[in-house]
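Working notes for the structure below.
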Amino acid sequence: MKRIIYPALCVLLIPAVVAGCARPPLPRYETDLTLRVLAARVPAYPEVNFAVMTDPHGYDPQLGTDGQAFDHYAAGSYMLSKDSAEILQTAIGQIKHANAGFVLVPGDLTDHGDRASHELVAQYLQQLQAGGKKVYVIPGNHDIDSAGAVRYAGNLALRIRNITAAEFSQIYAGFGYSDALYSDPASLSYVAEPQPGLWLLALDSCRYRGKVGEEETLIGGRFSPQTLGWIEDRLIGAAKANKAVIAMVHHPVVEHFEGQAGEFPEFVIENYPAVSRLLAAYNVRLVLTGHFHAQDITEKTWPDTGKFLFDVETGSLATYPCPLRVINIGGSQKAAVRTLRLPSIASHPQDFPAYARAQLESGVTENATGIITIYGVAGPEAQNLAAQVARAAVAHLAGDEKLPAGQPAIQENGLSLPAWIGVQFKKGLVDSLWRDLPPPDNDVTLDLRTGGWQ
């Protein structure tokens, strides 16, 4: 089974890969004056409270949690796969007591995409609904037609059955699909109304259709022309019905650090400038995303139209710092975003944050060291550079990253020639991980009227 190394955590030396992007169809608002007039009216958001919990990467422990094959997988994944079920149960306990009327889960519900793990996650989510909190889900790139559906036995990773798109919508029928107002025939996207006056545009950006070969894993996301047309139809319908709209999609719709789309196109949706502009044109001002496992909020503005949106990316529940978000939109049209973190789980009652961070740092450092040595850098020098990459990656994933005063992103003094050359190519990218794009990432109040924040 092909191992997927998380590109954002090995930013020092991985070459840039530029994906070919098909031009999207021209949105109708660009040519239809009546639609531009319609979109000039901005519906008010109703007062609402909701939670966001994404990328739980649920894994059924009955598929194996020890042995050489599982240890090999866990060491390279950076996630707390072995603890994911326990983490999910703990997070659900927190959300039950949060001031949130409904819960959004923007994809990667499972780690391996197997049916047993999906059914386990659905059972946990049902606990929230039994407590009165409606849950809405969409798939992530790990969830459907996954090439990673395996169980572990000793030194073997044995293939097991994954699930289809139809099976995903059946397993999660009670979490948005069965009561959707509209459903896209070309994807698993749908529209729901979690509260009167508010439409949720739940968008499936995953590329599980048309996979070639069982070893291929499609990380990146895109919308087909059919789905883009469906999205605009629904946005037009919302505008005519005077409904405010929030969106959730697994893949971010803007860059969350400078150069992200050029270096790691799989972690921003294909044609993201057109997708984000389309959403903003029809006054979608909050987009809830995941995928990159980073706790980051970035605003995109269009001065020529006065439009804006906030891409509120939430970190993976199964990766340090294991965050949740609670968002309150008040009558003043200000969205108070607050971050919760799990202080403990049953198996780690005292040291969970340190345990989770150590797992992330260890995995990043190990993988980055292996990559750096390919370029002729070895020993303590490779380990030192890898530790600096890990420091930047952990800071970005935790959010509100800020390089300590007087410290460079990468220390260049005393490097060997191969190491110095590698650093020259990539030090700008590592520096960009430290340079947080506004607004703040964890606790902030976003003004949905003006695009400001405090």
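The values are calculated or read from the model by the stated rules, or taken from the named source; none is laboratory data. These figures come from a predicted structure and were not determined experimentally. All Cβ positions, even for glycine, are placed from backbone atoms using ideal geometry, and neighbour counts span all protein chains on display.
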Legend entry - Only listed residue being within 30 Å of ALA75 (Cβ to Cβ), touching a residue at least 24 places away in the same chain (Cβ under 8 Å) and charged (D, E, K, R), chosen from ARG325, ARG277, ARG338: ARG325
Inset, instruction - Identify, by number, the condition in (1) more than 21 Å from PRO439 (Cβ to Cβ); (2) surrounded by fewer than 20 Cβ atoms within 10 Å (Cβ to Cβ); (3) of a type outside the set (A, V, I, L, M, F, W, C); (4) modelled with pLDDT under 95 that ASP351 doesn't meet. - result: (4)
Legend entry - Residue count, the range 421-448 (criterion: more than 19 Å from GLN295 (Cβ to Cβ) and either among the polar types (S, T, N, Q) or at pLDDT 95 or above (or both)): 3
Inset, instruction - State the number of residues belonging to the range 262-279 that are surrounded by fewer than 23 Cβ atoms within 10 Å (Cβ to Cβ) and among the aliphatic types (A, V, I, L, M). - result: 2
Legend entry - strands (runs of 3 or more DSSP E) completely within the range 221-319 that count 2 or more residues being out of contact with any Cys (no Cβ under 7 Å at 6 or more places or on another chain) and more than 17 Å from GLY451 (Cα to Cα): 244-249
Legend entry - Where a residue in the range 430-445 is of a type in the set (Asp, Glu) and its partner, wherever it lies, is modelled with pLDDT of 95 or more and outside any loop (DSSP other than H, G, I, E, B), with Cβ under 7 Å and at least six apart: ASP441/ASP296; ASP441/ILE297; ASP443/VAL337; ASP443/ARG338; ASP443/THR339
Inset, instruction - Only one of these is in a strand (DSSP E or B), surrounded by fewer than 23 Cβ atoms within 10 Å (Cβ to Cβ) and more than 19 Å from the chain's Cα centre (by Cα): LEU158, LEU120. Name it. - result: LEU158
Inset, instruction - Output the residue which, of all residues in the range 51-82 that are modelled with pLDDT of 95 or more and among the charged types (D, E, K, R), is farthest from LEU288 (Cα to Cα). - result: ASP60
Inset, instruction - Filter the range 417-448 down to the residues that are surrounded by 13 or more Cβ atoms within 10 Å (Cβ to Cβ) and assigned to a loop (DSSP other than H, G, I, E, B), then identify the one that is farthest from the chain's Cα centre (by Cα). - result: LEU448
Inset, instruction - Restrict the check to the range 140-152 and report whether at least one residue is in contact with a Pro (Cβ under 7 Å, 6 or more places away or on another chain) and either under 30 Å from ALA98 (Cα atoms) or buried (at least 18 other Cβ atoms within 10 Å of the Cβ) (or both). - result: no
